[in-house]
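What follows is a set of notes on a single structure, which appears directly below.
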Amino acid sequence: MSICVNFNEAPFLGSEFEHIKNAIDSKHISGGGKYTKLCNEILEQTGAKKAMLTHSCTAALEMSALLLNIEPGDEVILPSYTFSSTASAFALRGAKLVFVDIKNDTLNLDENLIEQAITKKTRAIIPVHYAGVSCEMSGIWEIANKYKIAVVEDAAQALGSYYREKPCGNLGDLGCYSFHETKNISCGEGGALLINREDYIEQAEIILEKGTDRSKFFRGQVDKYTWVSLGSSYLPSDMLAAYLYPQLQNIEKINGQRMELWNDYHKNFEDLDVKRPFIPAHCKHNAHMYYLRFNSLKVRSKFIEFMRAKGIMCIFHYVPLHSSPAGKKYGRVAGSMENTDNVSNTLVRLPLFYGMSKEAQNKITEFARNFLAEL
Ligand SMILES: *Cc1c(COP(=O)(O)O)cnc(C)c1O
C-alpha cells in the first residue's frame, strides 16, 4: 500500500472562517484592529510588557534591530545554524554578524562560547530556540549583564515553550515569534514582537507606525501626528489576525496533539542507533520539530531518498550561514564551527504537523525503522 505524507501542512481548526467573516463585516481589515488587539492580549499572557503583531518574525527581528539602534560597525552574536532572517535583520542596519557554534546536545547557541566572541563593538546576543527547545538562558543573561548588551530572542519556533517555567519570547529584552505556515500556530505569514522592557514600548510603537507618533495621537497624547523617526510597515491585516486568533486560543490543543506525535516518535526510535532530540529537564518544549541525526551526510541522503520513494517527505535543515555567500560578506566566525557543520550534514526532520494521522505516523516509523535496521 502506498502512502503520501507531506513534510508539513498548515494548521487549521475550522473556526478561522467565522472570525475572518467577522473581521470583514466590521469594515475594518487594515492592521491594528479588533483581532490584532485580541491576539496581542493573548501573547501578553507570557508576561511581556507589550506584544505587537507583525507580518512576520523577520519583521519583528528587523524592528528589534531598529529599536536597539544598531549602526554600521556594531556587532551581534548569533548562531550560524539558523534561518537567514536572524542574520539579515541586523545586517540590514549595518551590523557585523559574529557566528558562534552550537551545542551538540540541544543544537542551540553554546553559551560557553559567547564570551570569547565579545568585543567593544558587541551590541546584542541573538539566541535561537531551535526546534522549540529553549537556549540555556542563565549563561546568556550572565554575559549580557556583564557586558551590558541586549538579548533578542529569535523565538520563531518557540511559542508555547518554557525555560525554567518562564515562556520563551519573554526571556530576553525583546522576543520574536513566527506564525509562518511551517510553525505550530500560523496564519500563513505572520509574527510578533514581544517587548519585555517598558522603556522600549514608545519607540516600538513609532517604528510599527511607519515612523510616526500615530499611536500617541490615537491616545489623545498629541493633537496631530507626524513623522518622528525611522520606521516601516510591519502590521498584518486584521483578516490575518482573525485567522490567527482561534489558533492562539487553542494553543494547548494544537501543541498537545503535536506532543503526542513527538512522544511517539521519540519512543519508537529509542532502541535504535540514531541520535534523537535532547530536551534538558528544566526546558519544556512545544513539539515544534522531530529530527534524527545520522553518522554521515551519505547515510542521511540515503535516508531522505529511501523515505521519498515510500511517499514520505523528510527534509534536512539549515545550510550554515557562515559558509553562505551573504554570511561570508556580512559576518565572521568566532571559533570552531564543528557542531554547526556536523549537524547541518547529518540532521533530518520527519513530518510532524497538527492533523497528521496516527496511521501516517505508524508508516513513517515503520519505514524509518526498516531503514535503520538495514544500516
Ligand atoms: C521561521 C523562522 C524565521 C522566519 O520567520 P518568518 O515569520 O517567516 O519571517 C526566523 N527565524 C527562525 C529560527 C525561524 O524558524
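Using θ = phi - 60° and the Karplus relation 6.51 cos²θ - 1.76 cosθ + 1.60, list the HN-Hα couplings for the stretch 206-211 in order, rounded to whole Hz, with x at every Gly or Pro.
So the Karplus estimates, Gly and Pro as x, are 5, 4, 5, 9, 6, x Hz.
Which of THR212, THR340, THR82 ends up with the largest GNM mean-square fluctuation for the chain, with Cα atoms connected below 10 Å?
Taking springs between Cα atoms under 10 Å, the residue moving most is THR212.
For the chain, which span is the longest to avoid every loop-located (per DSSP) member of GluC sites (Glu not before Pro) having at most 16 other Cβ atoms inside 10 Å?
Maximal segment without exposed cleavage sites: 10-164.
Can you put SER84, SER56 in order, fewest other beta carbons within 10 Å first?
Ordered by Cβ neighbours within 10 Å, fewest first: SER84, SER56.
Any idea what the dipole of the stretch 314-368 comes to, in debye rounded to 20, about its Cα centre with Lys/Arg Cβ at +1 and Asp/Glu Cβ at -1?
That gives the stretch 314-368 a dipole magnitude of about 260 debye.
Determine the calculated [θ] at 222 nm for the chain from helices alone, applying -39500 (n - 2.57) to every DSSP H run no shorter than 4 residues and normalising by the residue count; nearest 500 deg cm²/dmol.
After summing the helix terms and dividing by residue count, I get -11000 deg cm²/dmol.
Treating the beta-carbon of each Lys and Arg as +1 and of each Asp and Glu as -1, no other charges, what is the dipole magnitude of the chain about its Cα centre, to the nearest 20 debye?
460
For LYS166, LYS96, LYS146, which order do you get if you count the other beta carbons within 10 Å of each Cβ and list the fewest first?
With the sparsest Cβ surroundings first, the list reads LYS146, LYS166, LYS96.
Please list, in order along the stretch 359-364, the HN-Hα scalar couplings obtained from phi with the Karplus expression 6.51 cos²θ - 1.76 cosθ + 1.60 (θ = phi - 60°), rounded to whole Hz, x for Gly and Pro.
Along the stretch 359-364, the couplings run 4, 4, 5, 4, 5, 4 Hz.
Once the piece of chain linking ASP199 and SER232 is laid out straight, how much longer is it, given 0.36 nm per residue of separation minus the C-alpha distance between them?
9.9 nm
Which one, MET356, ALA287, ASN342, is farthest towards the positive end of the dipole of the stretch 262-375 when Lys and Arg carry +1 and Asp and Glu -1 on their Cβ?
ASN342
For the stretch 196-240 and the stretch 50-67, what is the separation of their Cα centres, given in Å?
12
Which residues' amide hydrogens lie under 5 Å from the amide hydrogen of ILE312, considering only partners 5 or more residues apart or on another chain, with H built in the peptide plane?
VAL5
Figure the gain on full extension for LYS21 and ARG164 (residue separation times 0.36 nm, minus the Cα-Cα span) and round it to one decimal in nm.
Residue separation times 0.36 nm, minus the Cα-Cα distance, leaves 47.5 nm.
Taking H as built 1.01 Å from N, whose amide H comes closer than 5 Å to the amide H of THR54, not counting residues under 5 places away?
For THR54, whose amide H was placed from the backbone, the distant partners under 5 Å are GLY191, ALA192, LEU193.
Taking 0.36 nm per residue of sequence separation and subtracting the Cα-Cα distance, how much length would be gained by fully extending the chain between ASP105 and GLU181, in nm to one decimal?
So the chain would gain 24.7 nm between ASP105 and GLU181.
Distance in nm between label sites at ASN69 and TYR147, each 7 Å beyond Cα in the beta-carbon direction?
Result: 2.0 nm between the two label points.
Which of the listed residues, GLY160, VAL133, LEU171, is farthest toward the dipole's positive end in the stretch 109-171, when Lys, Arg count +1 and Asp, Glu count -1 at the beta-carbon?
Selected residue: LEU171.
Distance check, please: which entries in LYS49/LYS284; LYS34/LYS210; LYS146/LYS183 exceed 31 angstrom between their Cα atoms?
Where the Cα-Cα span goes over 31 Å, the pairs concerned are LYS146/LYS183.
Fewest Cβ neighbours within 10 Å first, please rank LEU375, LEU350, LEU171 accordingly.
Least crowded to most crowded, the residues run LEU375, LEU350, LEU171.
Nearest 5 is fine: what % of DSSP beta bridges in the chain come out antiparallel, could you say?
55
Using a Gaussian network for the chain with springs between C-alpha atoms less than 10 Å apart, which of these wobbles most: LYS224, LYS34, LYS358?
LYS224
Looking at the chain as a GNM with Cα springs under 10 Å, which of PRO167, PRO236, PRO277 has the largest mean-square fluctuation?
Evaluated over the chain, the most mobile residue of the options is PRO277.
Could you give the size of the charge dipole of the stretch 258-313 about its Cα centre, using +1 on the Cβ of each K and R and -1 on the Cβ of each D and E, expressed in debye and rounded to the nearest 20?
260
With the contact rule set at Cα under 8 Å and sequence spacing of 6 or more, what percent relative contact order holds for the stretch 316-375?
37
Each residue of the stretch 178-190 in turn: what ³J(HN,Hα) in whole Hz from Karplus with 6.51, -1.76, 1.60 and θ = phi - 60°, glycine and Pro shown as x?
For the stretch 178-190, the Karplus-derived couplings read 10, 10, 5, 3, 7, 9, 4, 10, 8, 10, x, 10, x Hz, x marking Gly and Pro.
Going 7 Å from the Cα of LYS210 along its beta-carbon direction, which residues of the stretch 17-53 have the amide nitrogen within less than 15 Å of the resulting point?
Residues 30-32 qualify, since their backbone N sits under 15 Å from the label point.
Every number in this text was worked out from the coordinates using simple rules, so none of it is lab data. Treat the numbers as computed from the prediction; the structure is a model and nothing was measured. Using ideal geometry, Cβ is built from the backbone for each residue, glycine included, and neighbour counts are taken over all protein chains shown.
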